[in-house]
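What follows draws every value from the coordinates through simple rules; no lab data is involved. Because the structure is predicted, anything quoted here is derived from the model rather than measured. Please note: Cβ atoms are built from the backbone with ideal geometry, for glycine as well, and neighbour counts cover all protein chains shown.
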């Protein structure tokens, strides 16, 4: 990027971002956001956050997701959006786009 | 000739000393609380001592087991208590430490059928079992059937790993897990007093913070 004007010797502008650069950055951000939302809406990318990691598992049940992992079902508790998923409902609880899931897997010792 | 009379402070003196250290508002909350401790091993016996010293009003102590020689390296029992029920041995020890605490003891296993009966009086429940499947069972049970209670569980404190990896995590509004989340005694092969006590201290401190209404973010 080049600057086509003399540096401003007046201290008033020191530390202020160039408004033209700011405009371009904002424009790029907006375009990126639109492209991303296009893919989410039309491209079928439905993400579920599981233990902080975005995974493409929306539409699967909790039970289906668990079979793709190494978790021992007898040692875990699963929370979805801050609420416990009862063990008896793993098979019927469908993960949705934007869900936040925590799988707590216990280890022995005490 | 000389009779030895054990003089202990009065309840008022005791309470005054606690208020001096904790502040009156916080101490009122501690004194009014009932905390259940499920499992009185390395975690539970240490959690109980911290909470008794802090002046928690009532402790519900639950364990089916007896004191064994292999417990003494990390659990708060004495050599002359081997063979006693852990509930009896621990309440004896706690009475010496904090004579005005109220106890409820249950010498039985916590299972799905009796959990509500054992735990219904508690404001906060500490999961302090050693078996991973029992930990998960209690966690699911409490969160599914007693949604108004706080649960402070523990997972991962075996071995000689760094003290700094033991942490407290607030999984959801009323559910906390302390520990490193990973070191399994069946893989690591050892348990040492200091690391188990660190985890127990995290649990006890979490209980006190919940009561003082200071929550993890």
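Points worth noting:
- Cα centroid separation, the range B:12-37 to the range B:66-97: 25 Å.
- Whole-Å semi-axes of the range B:154-211's equivalent ellipsoid (Cα gyration tensor): 21, 12, 8
- When its C-alpha radius of gyration is set against 2.2 N^0.38 Å (N residues), the protein assembly as shown gives a value of 1.31.
- Listing B:127, B:24, A:64 from fewest to most neighbouring C-beta atoms within 10 Å gives B:24, A:64, B:127.
- Where labels lie 7 Å past Cα in the beta-carbon direction, separation of residue B:163 and residue A:54 in nm: 4.0 nm
- Kirkwood hydrodynamic radius (C-alpha pairs) into Stokes-Einstein, the range B:46-154, 10 °C and 1.306 mPa s, D in µm²/s: 109 µm²/s
- Rounded FRET efficiency, nearest 0.05, which uses the C-beta distance separating residue B:78 from residue B:216 and R0 of 30 Å: 0.30
- Ranked list, fewest to most other Cβ atoms within 10 Å of each Cβ, for A:47, B:160, B:137: B:160, A:47, B:137
- Convex hull of Cα atoms in the range B:139-181, direction-averaged projection (nm²): 3.1 nm²
- Fluctuation leader among B:115, B:158, B:52 - chain B, Gaussian network, Cα springs under 10 angstrom: B:115
- Taking all C-alpha pairs of the range A:48-105, those more than 16 Å from each other amount to 31 percent.
- Backbone N under 15 Å from the residue B:145 label point (7 Å along Cα→Cβ), restricted to the range A:70-110: A:86-88
- Every helix of 4 or more DSSP H residues in chain B counts as -39500 (n - 2.57), and over all residues that averages to -12000 deg cm²/dmol at 222 nm.
- One equal scatterer on each Cα of chain B, no solvent, Debye formula: the resulting log10 I(q)/I(0) at q = 0.14, 0.17 Å⁻¹ is -0.84, -1.23.
- Here the residues B:138, B:43, B:198, ranked from fewest to most Cβ neighbours within 10 Å of their Cβ, fall in the order B:198, B:138, B:43.
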